[in-house]
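Structure, as structure tokens:
What follows is calculated from the coordinates using simple rules that are stated; it is not laboratory data. Model, not experiment: these values are computed from the prediction. Glycine also receives a Cβ, built like all others from the backbone with ideal geometry; neighbour counts cover every protein chain displayed.
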Amino acid sequence: MAQAEAFLAVAEELHFGRAADRLHVSQPRVSRLIAALERQVGGALFERTSRRVNLTPLGEQFRGELSAGYAQIQAALDHAKRAARESAGQLRIGFTNTTEGPALSRLVAVFEARHPGSQVTLQEVPVTDAYSALRAGEIDVLIHWLVVYEPDLTAGPAIDCQDRVVAVAVSHPLASQETVSVEDLAGQPVARPPATFPLALWEVLVPPNTPSGKPIPQSYEVRSLHEVWAMVARGLLVHPTVASTAQLLRRDDIVLVPITDLPPIRLGLIWRSAHYNARIQALATTARSIYPAKAPGSAARARAHRHTRPAHRSPAAP
């Protein structure tokens with residue numbers, strides 16, 4: 001691209017110094033670019049004398065063929081730059097069945113009100129492989145847990161904060177407790193994640209060890225949340241998760257017990273770093289304006305206690 005710009009500038013100005021001024025580079029830089037281009041072409045493009053510069057017949061031919069293509073490239077670049085600067089247009093937001101909820105609904109409603117030229121579409125992605133749709137370009141932003149150690153992804157602002165609970169069978173000894181600590185999970189079998197699930201995130205959600213170093217054994221590989229709940233209900237697993245699970249779990253054979261000493265997990269925006277644009281920036285700005293920093297887990301803690309402990313201690317009903 002730099003060689004093409006230098007060639008067209010010299011072809012129009014017929015002067016290396018004026019071409020350099022036009023391109024805001026040094027004259028030696030222009031000379032080097034033209035020399036490299038002529039080596040690549042295999043012939044002289046300009047006739048140079050001490051007084052003047054003229055195009056050779058080869059240079060005239062090259063300019064005629066290059067000009068149209070360069071104009072198309074420049075138009076495409078200008079269009080891309082405008083699109084990157086504009087917040088209007090389609091914005092595709094992905095979520096999993098564990099991250100969709102009131103916080104996302106409010107974010108979308110406020111964003112659409114502030115940016116009437118934007119069209120938001122929501123798309124569910126697999127909870128076991130949430131990043132693939134983002135990387136494939138099927139969505140622009142993912143609403144997910146902000147435990148991101150992926151070099152190509154950026155963790156944006158939070159839109160919610162969830163306290164921690166553990167799902168156990170109604171007959172499990174932990175089901176009778178008002179709360180548990182991580183040490184209570186020592187020796188309790190937990191799930192082993194699918195290969196597509198980010199390991200760093202899984203180890204935050206489902207710790208491999210207690211603070212004292214006792215193992216929390218990953219005993220069964222699972223392929224979906226439904227498999228997790230089936231094993232939990234049978235007493236084969238316990239499953240550390242987040243308080244909002246109570247809004248999804250509709251069964252009377254599983255209890256959610258608050259965990260007192262695991263930090264809350266933030267839910268928020270994730271996008272591909274290389275695909276950041278004005279629409280994503282506008283969504284992130286909206287999120288920061290309507291979800292200011294709060295005391296970690298305060299609202300989620302209230303939800304956990306309200307939803308996870310039914311009066312008769314058995315169902316995990318909302």
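Arranged from fewest to most other beta-carbon atoms within 10 Å of their beta carbon, HIS172, HIS24 become HIS24, HIS172. Label positions at ARG32 and GLU124, each projected 7 Å from the Cα along the C-beta direction, are separated by 5.7 nm.
Here each label is just a point 7 Å from Cα along the line to Cβ, and for MET1 and LEU66 those points are 1.6 nm apart. For region 258-268, putting each phi into the Karplus relation 6.51 cos²θ - 1.76 cosθ + 1.60 with θ = phi - 60° gives couplings of x, 9, 7, 10, 9, x, x, 10, 8, 9, x Hz, in residue order, rounded to whole numbers and with x for Gly and Pro. For VAL170, the residues whose amide H sits under 5 Å from its own are ILE254, VAL255, ignoring neighbours fewer than 5 places away on the same chain, with H placed 1.01 Å from N. The Rg/Rh ratio for the chain, using Cα coordinates for both the radius of gyration and the Kirkwood hydrodynamic radius, is 1.24. Taking the helices alone, the chain has a mean residue ellipticity at 222 nm of -12000 deg cm²/dmol, built from -39,500 (n - 2.57) per DSSP H run of at least 4 residues and averaged over all its residues. Computed on the Cα trace of region 2-85, the radius of gyration divided by the Kirkwood hydrodynamic radius gives Rg/Rh = 1.02.
Seen against the Cα atoms of the chain and their longest principal axis, helix 298-308 is set at about 40 degrees.
Amide H contacts of LEU153: SER273, each under 5 Å away and 5 or more positions distant or on a separate chain (H built 1.01 Å from N in the peptide plane; Pro and chain starts excluded). For VAL222, the residues whose modelled amide H falls within less than 5 Å of its own, excluding neighbours fewer than 5 places apart on the same chain, are ARG192.
List the relative contact order of the chain as a percent without decimals, with contacts defined as Cα pairs under 8 Å and 6+ residues apart. RCO, the chain: 21 percent.
Rounded to the nearest Hz, the phi-derived 3J(HN,Hα) couplings of region 62-70 under the Karplus curve 6.51 cos²θ - 1.76 cosθ + 1.60 (θ = phi - 60°) are 5, 4, x, 7, 7, 4, 5, x, 5, where x marks glycine and proline.
Each peptide in 268-277, 115-124 receives the mean, over its residues, of other Cβ atoms within 10 Å, and ordering these scores from highest gives 268-277, 115-124. How charged is the neighbourhood of SER289? Take every other residue with its Cβ under 13 Å from the Cβ of SER289, and add Lys/Arg as +1 and Asp/Glu as -1. Result for the local shell: +3. Helix 102-114 and the long axis of the chain differ in direction by around 30°, with both axes built from C-alpha atoms.
Applying 0.36 nm per residue to the separation of HIS15 and SER176 and subtracting their alpha-carbon distance, the gain on full extension is 49.2 nm.
Our coupling estimate for region 2-13, obtained by passing each phi through the Karplus curve with A = 6.51, B = -1.76, C = 1.60 and θ = phi - 60°, is 5, 5, 5, 4, 5, 4, 5, 5, 5, 4, 7, 7 Hz, Gly and Pro reported as x. Rounded to the nearest 10 degrees, the inclination of helix 27-41 to the longest alpha-carbon principal axis of the chain is 90 degrees.
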